Amino acid sequence: MARILVQGSSPVIWAIPLASKALTKRSSWNTTSRLASLHSPRCASSPESVKRVFTRSLGAAGFAGHSSNLSWRASASNLSFKMQTEHISTVVAQASSSVEVGGSPSKAKDRELLVQHLLVKEDQLQLLLELQRKITQEGLDLSDIAEEHSICPSSVEGGMLGWLAEGQTDPAFEEAIFTAQLNKLIRVKTKHGWHLLQVLSERPAMKLEQIDAEEFHERMQDPSFFEEAQLVDVREPDEISTASIKGFEAYPLSRFGQWAPSIADDLDPEKDTYVLCHHGMRSMQAAQWLQTQGFRRLYNIHGGIHAYSKKVDPSIPTY
């Protein structure tokens, strides 16, 4: 389900599916949405729901998507679709060489890691060690410790940083998490202080690629294409009536509030998903949003239906 927040005459629609429904519906956690992020220059934070919702009732699961803020603003005459993707980039900068790792180096490019942490000041190493002892020896939960002691804004989320991919954090911090063993507590010192972190889960990295009209047409010639892929057209009804490509389902942006809450039920987040619009701009924004909803293999048709008409099928009208 989704929550509709109205600000003045312009409704702001935030897609907030129930985490428990998403995880019980599928064996993976790809249908879970992202909420509005808490961003700070001090440390990485994410729009994840509080970890205990998952770890205590459903096990150490995970959340889908990349850290982002989404807003869809509608008026009587038009729809302004705004997306601001905010990468977790400056939050763990200038890490020192004081890193404790628990595994061996491995390739990061094709993986994303679900990371939780707490942060204390640089002169509070003894406090960090005591907190680590309480977790390892007394069985206390890192999320509770983070809420009480962490100076990172992510403390309100139990220290959850969400899914991190290659290039989203400082190289030294990145090296620590991508060489850590799952569920092993790791200490990392940065200019922000001491971090105690834990990698809870890993998954294949998401894919969002541009595909040109010619290559898309070639893929459609495969007899199994329409069984293995799903096609999304985000243009408006009058545009679709003017020009369309066989196999695409209509998900007009002006009707976002109607189809967004059930998008992960109507479509399969695990399938290859191709997104189309007029020139490729709206479809890219929509593809980025679908990625936050757990769609793992997304293709934006570069140039949109206009390029397809010009380069592949002149029988399709241009407008």
| message | For the range 201-225, give me each residue that is under 16 Å from the mean Cα position of the chain (by Cα) and either assigned to a strand (DSSP E or B) or within 23 Å of residue 247 (Cβ to Cβ) (or both). | response | 201, 202, 203, 204, 207, 208, 209
| message | With the requirement that a residue be at pLDDT 90 or above, touching an Asp or Glu at 6+ places or on another chain (Cβ under 8 Å) and part of a loop (DSSP other than H, G, I, E, B), what does the range 292-314 give you? | response | 302, 303, 312
| query | Hey, does the range 239-251 have a residue that's modelled with pLDDT of 95 or more and within 30 Å of residue 164 (Cα to Cα)? | reply | yes
| Meets criteria (in a helix (DSSP H, G or I), open to solvent by 70 Å² or more (accessible area, probe 1.4 Å) and outside the structural domain of residue 181 (by the TED database)) for residue 241 | yes
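The values are calculated or read from the model by the stated rules, or taken from the named source; none is laboratory data. Since this is a predicted model, take the numbers as computed values, not measurements. Glycine also receives a Cβ, built like all others from the backbone with ideal geometry; neighbour counts cover every protein chain displayed. The protein model used for the area step is the full one, side chains on, heavy atoms only, and it has no ligands, DNA or RNA in it. Shrake-Rupley method; radii C 1.70, N 1.55, O 1.52, S 1.80 Å.
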